[in-house]
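This report refers to the structure that appears directly beneath it.
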Amino acid sequence: MFEWNNFYGAILIDREYEKSKDFIVNGILEKKYNYFHPAIFSTGIKEYPYYYDDILFSFGRTAKYFVRDLHELHNFITEFEDILGKLDFKNAQVRMDTDYANYDLFWRNKSKLSEREQLEDIRQYNENGVRYFESEKFYFGIGEIDLYTGWAESYSNEKLSDFDRWYGEGFNYPF
């Protein structure tokens, strides 16, 4: 049990493609992350017709005994947010498939939003019953996000219950 797990996702890059790509290719190795390595990323190509407007970085890997407790989930989120902090990104999504639960996490870069857009996001999350949290840099949530618009719909109550059952109601963000 707890052996067959994976995570995958995508990060929508805004304007600084070369700088963002350089961090994925070179900076990640220097950081020696537990969950992330440059080899798990596809950084796209800035050549038409292979992208339109913004570039999408995708990533994924398998893992054994992946984020099986709250401490490991915090470590995963902390590493991923450290990576996001080095990228010029708009939105990000991670899908976690584990033996005990499958769920999605999303991030929205607040520095890319006007004050009006931030208020609209909060209104939309509340209206749709999206479980979200706010830090200084991000809106973070449990659920699926549209990578271009940043909008999220209500998430499966079953998946939220699985998340709560596994990580307890003690999950707090930011840590």
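Here, each number is a calculation from the coordinates, and none is a lab measurement. Just so we're clear, the structure is a prediction, and the values are computed from it rather than from any experiment. Using ideal geometry, Cβ is built from the backbone for each residue, glycine included, and neighbour counts are taken over all protein chains shown.
Here are the numbers for this structure:
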| item | result |
| --- | --- |
| Spacing of the two label points (7 Å from each Cα toward its C-beta) at K137 and T149, in nm | 2.8 |
| Amide H partners (placed H, <5 Å) of Y33, local residues excluded | none |
| Relative contact order, percent, the stretch 9-56 [alpha-carbon distance under 8 Å, six or more residues apart] | 47 |
| Spherically averaged projected area of the stretch 124-175 from its Cα convex hull (nm²) | 4.0 |
| Solution diffusion estimate, µm²/s, Stokes-Einstein, the chain, Kirkwood Rh from C-alpha pairs, 20 °C, viscosity 1.002 mPa s | 128 |
| Unit charges on C-beta of K, R, D, E only; dipole of the chain, Debye | 380 |
| Mean ellipticity per residue at 222 nm, deg cm²/dmol - from DSSP H runs of n ≥ 4 across the chain, formula -39500 (n - 2.57) | -8500 deg cm²/dmol |
| Label-to-label distance, nm, for residues given as S161 and L29 (7 Å Cα→Cβ offset) | 4.7 |
| Centre separation in Å (Cα based) which lies between the stretch 74-114 and the stretch 1-46 | 11 |
| Listed peptides 131-143, 87-99 by packing density, highest first (mean Cβ within 10 Å) | 87-99, 131-143 |
| Calculated from backbone phi, Karplus (6.51, -1.76, 1.60) coupling profile of the stretch 121-132 in Hz, x at Gly/Pro | 4, 4, 4, 5, 4, 5, 4, 9, x, 7, 7, 9 |
| Vicinal HN-Hα couplings computed from phi for the stretch 44-58 (Karplus, 6.51 cos²θ - 1.76 cosθ + 1.60; Hz; Gly/Pro x) | x, 8, 9, 8, 5, x, 8, 7, 9, 6, 10, 9, 10, 8, 10 |
